[in-house]
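Novice: I have a structure I would like to understand better, so I am pasting it below and will then ask my questions one at a time.
The values are calculated or read from the model by the stated rules, or taken from the named source; none is laboratory data. Remember, it's a predicted structure, so these values are computed and weren't measured experimentally. Cβ: placed from backbone, ideal geometry, glycine included. Neighbour counts: every protein chain shown. Calculation scope for accessible area: heavy atoms of the full protein, side chains included, ligands and nucleic acids excluded. Shrake-Rupley method; radii C 1.70, N 1.55, O 1.52, S 1.80 Å.
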Amino acid sequence: MIYQEYDINQAKGIRLFESVRLDGLILEKGHILDDEDIIQLKLSGIKKIFGAEMNENDLDVSTALGILSAKLCGSNTAYAVTPDGICQIIAQADGVFLAADDRIAKFNRLSSEVILNTIPPYSEVKTGEIIAELELTVPVITTQKVDEIVFSLSGNVSMLQVAVPQERKTTLLYTKFYNDKLETAHFTGVVTKLVKDFKNLKLDFAVEHEAKHEIEKVADVLEVALKGESDVIFIIAGQRNSHADDVIASAVRSVADEVIITSIPQIGASDLLIALKRGKKIISLPFNYATQDNTLANHYIKLALLNDKITPEDFKHPQNVQLAESKMFDKSSNLELIKATPENGKNAKIAAIVLAAGASRRAGRNKLLYEIDEKPLFLKAVHAAIFSEASPVFVIVGDHAQEFEDAMEDIDVNIIYNPAYRQGIKTTINLGLKSVPNFCDGAILLPADMPNVTPEFINKMIKSFDSKAEKQVVCAQLKGVKTNPIIWSKALFDGADLVPENANLRPVLVEHSDYTQTIKGDENLLMDVNYPNDLQQLEKA
C-alpha cells in the first residue's frame, strides 16, 4: 500500500484518494484510473493526482467497510456502502437504538482512518432510519489493520443494535411524606411525564402501592411489590433522595440484591436510583422528574429497561449533559458576580511534564508499574505534580500505555502517547514540551521514577523561577550535584533535557550556568528508582 501524488502519465491503475469532478462525470473515491480516465483528466488540465497503490494484502474501501460493518452490526440492523465510501447502517425494525457512548468513543480511538458516527444511543427509531454511518478515510487499507480493528471488537456483543421492546408489567410505588393535595398533584405530574417519555417501551402500569416516606415502611412495601408479577418497580418519592443513606436509598439497599447507581451527574435530576432484585429492576425517579430536563436520567432508565443484565460498569462513564444555549445571567437578580482569578498568584506559570514513556526494565519489569501502597509507582510523581502549583500537568506514556491510562482513569490530566518512546527519553521530552500552552512561562520535567518528590518541593522550585527572565533554569541539587527535576523557561525548550543519572556523563547545564538556580534536596526526596533494591527500599519506607 502506497499513498502518494502521481504524475498523471504514470497514474493508470491508481485508486483515487478522493472523488474528482470532471466535465459531466464524477470519478468516485477508490475508483481505479484507466486509460480513458487519464485522457479525461488531461483534458481537464489535471497534471498530478493523489492516490493509492494497492498490494495483494490490501483491501479496497468497499470491502473493508463491509468487513467492519458486519462486525459492528447486531440485531435488527443492516448496512449498505455508498459510492462515496460511506457505509450507512440502517434500522430493520421499529424500536430503540442500543449503543454505548464509551464503546463508540473507544472505537474512534482505534484508528484515525476509520470514523463511526451514530444517532444518540437509546433513541427511538423507525424501520429504514439511518442509525449510524461508518467512513474509511482512505481508499485502501491493509488487511492487517482491518484484522486488528475486528479483533478489538471481538470481546463484546455487537456495538450497534435495535431492540424491539417487549411488554413489561410495571408497578408504581408512591412514598408519601405530606399526604396532601399538593403531593398528590406531584405524583400525578411525575406519572404523566413517565408515561409520555416511555410510551413506546410497552410498559404496562398494572399495579400501584403506597408507603409512608420512612426507611422501614418503604422497604416493607417494596418487598411486597417485588413478590408480584411486575418486572419493573418505579418508586415515586414524596421527598428528594439527597444522599446515599437517605430514605429511598437506604430502603432499597435493605431489600435489593445490588444497588447499581444512587445518583447521576445531571442538575435537577441527580437523585435517580437504579437497583436489582432477582432480575427485576427497581428505579426511583428523580423527585423533580415532572418539571426538570431528564436527558441523562431517561438515557439511563432506557439502558436499565432494555438490557437484560446491567452492572455499575454500564454507568461508569456518564455522558456530558449540555445546557441550553443563549441562557443569559440575570443581572437584575442582585446576585454577586465573582470573577475568576488566575491561579498561582504572583508565581510563574509552570506546566508539569511527567516522563513515564520508557520501558524502564532494569528493575526486571516496567518499574513504573510496580505497586507501592497498592498503586503503581509512577502515580506518586503524577500526584506530586497535581497537588503542586504546576498547571497544566502532562503525563507522557509509551511502553504499556494502556495500563498507564487505566491507572489514571479517574484523574483529569493530559495523557499523551509517544509512539517513538523506544528512540529515547529525548523524544518524550520534546513531545511534552510541544504540548505546553503559550501562557506558561516554563515547564518542569519530572521523571516518573522519582516517587518521593513532593508538591512542596515542586512549589519551592516554581517560587524560585523568575518569570521575567527570558532564559531561566531551576534544578534540584543533591550533595552539590545538579539533578532532576528541572524547570526550563520556554525560551529554552528547544534544548531542554534531563540531568543524566550520572551527572558527569553529559554537561547538560554548562551553557546555562549563568542563569541556573539550584534547590537543595536530600537523598530520600530525590531518590530515583532504577534497580530491584531501590524498589525494596521503597517498600520498607
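Novice: When you go through A219, A249, A206, A225 one by one, which is the residue that is in a strand (DSSP E or B) and small (G, A, S)?
Specialist: Going through A219, A249, A206, A225 in turn, just one is in a strand (DSSP E or B) and small (G, A, S): A206.
Novice: Follow-up question, since we're still on this one. In the stretch 49-97, what residues are in a strand (DSSP E or B), of a type outside the set (D, E), under 15 Å from I32 (Cα atoms) and open to solvent by 60 Å² or more (accessible area, probe 1.4 Å)?
Specialist: F50
Novice: When you scan the stretch 240-254, how many residues do you find that are in contact with a helix residue (DSSP H, G or I) (Cβ under 8 Å, 6 or more places away or on another chain) and modelled with pLDDT under 95?
Specialist: 2
Novice: Take G30 and tell me if it is touching a Ser or Thr at 6+ places or on another chain (Cβ under 8 Å) and part of a loop (DSSP other than H, G, I, E, B).
Specialist: Yes: the conditions hold for G30.
Quick grid of which residues meet (1) farther than 19 Å from M527 by Cα; (2) without any contact (Cβ under 8 Å) to a residue 12 or more places away in the chain; (3) of a type outside the set (S, T, Y); (4) touching a Leu at 6+ places or on another chain (Cβ under 9 Å):
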position	(1), (2), (3), (4)
K375	no, no, yes, no
S388	no, no, no, no
H400	yes, no, yes, yes
Q423	yes, yes, yes, no
N430	yes, yes, yes, no
S435	yes, no, no, no
D441	yes, no, yes, no
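Novice: What is the number of the single condition among (1) at negative phi; (2) free of Cβ contacts under 8 Å to residues at least 60 places away in the same chain that G128 does not meet?
Specialist: All conditions are met except number (1).
Novice: Tally the residues that are closer than 17 Å to K302 by Cα and in a loop (DSSP other than H, G, I, E, B), restricting the search to the stretch 231-244.
Specialist: Residues that pass the stated criteria total 1.
Novice: Of all residues in the stretch 6-41, which are in contact (Cβ under 8 Å) with a residue 60 or more places away in the chain and of a type in the set (S, T, Y)?
Specialist: S19
Novice: Sticking with this one: Could you please give the count of residues in the stretch 137-180 that are among the aliphatic types (A, V, I, L, M) and under 22 Å from the mean Cα position of the chain (by Cα)?
Specialist: Number satisfying all stated conditions: 6.
Novice: Only one of these is within 26 Å of K468 (Cα to Cα) and modelled with pLDDT of 90 or more: I425, I353, I416. Name it.
Specialist: I353
Novice: Filter the stretch 395-408 down to the residues that are open to solvent by 10 Å² or more (accessible area, probe 1.4 Å) and either farther than 22 Å from H317 by Cα or in a strand (DSSP E or B) (or both) and list them by number.
Specialist: D399, H400
Novice: When you go through S326, S333, S284, S270 one by one, which is the residue that is modelled with pLDDT under 90, open to solvent by less than 60 Å² (accessible area, probe 1.4 Å) and either of a type in the set (S, T, Y) or within 29 Å of the chain's Cα centre (by Cα) (or both)?
Specialist: When all the criteria are applied, what remains is S333.
Novice: For the stretch 466-499: of the residues being part of a strand (DSSP E or B) and among the aliphatic types (A, V, I, L, M), which is surrounded by the most Cβ atoms within 10 Å (Cβ to Cβ)?
Specialist: The residue in question is I487.
Novice: Could you tell me whether E5 is outside any helix (DSSP H, G or I), open to solvent by 60 Å² or more (accessible area, probe 1.4 Å) and among the acidic types (D, E)?
Specialist: Taking the combined requirement at face value, the residue satisfies it.
Novice: Filter the stretch 8-42 down to the residues that are touching a Pro at 6+ places or on another chain (Cβ under 8 Å) and open to solvent by 20 Å² or more (accessible area, probe 1.4 Å), then identify the one that is farthest from P139 (Cα to Cα).
Specialist: Restricting to residues being touching a Pro at 6+ places or on another chain (Cβ under 8 Å) and open to solvent by 20 Å² or more (accessible area, probe 1.4 Å), the top hit is E28.
Novice: Going by the structure shown, is V232 surrounded by fewer than 13 Cβ atoms within 10 Å (Cβ to Cβ) and under 35 Å from the mean Cα position of the chain (by Cα)?
Specialist: In short, no.
Novice: Which residues, counting only those in the stretch 287-323, are open to solvent by less than 40 Å² (accessible area, probe 1.4 Å), outside any helix (DSSP H, G or I) and within 18 Å of Y122 (Cα to Cα)?
Specialist: Correct list: N294, I310, V321.
Novice: Considering K434, K463, which residue is farther than 17 Å from I386 by Cα, part of a helix (DSSP H, G or I), of a type in the set (K, R) and open to solvent by 20 Å² or more (accessible area, probe 1.4 Å)?
Specialist: From the options K434, K463, the qualifying one is K434.
Novice: Which condition from (1) of a type in the set (A, V, I, L, M); (2) within 23 Å of N430 (Cβ to Cβ); (3) outside any helix (DSSP H, G or I) is the one that I411 breaks?
Specialist: Only one criterion in (1) of a type in the set (A, V, I, L, M); (2) within 23 Å of N430 (Cβ to Cβ); (3) outside any helix (DSSP H, G or I) is unmet by I411, namely (2).
Novice: Looking at (1) in a strand (DSSP E or B); (2) at pLDDT below 90, can you tell me which one R361 breaks?
Specialist: Here R361 meets the rest and fails (1).
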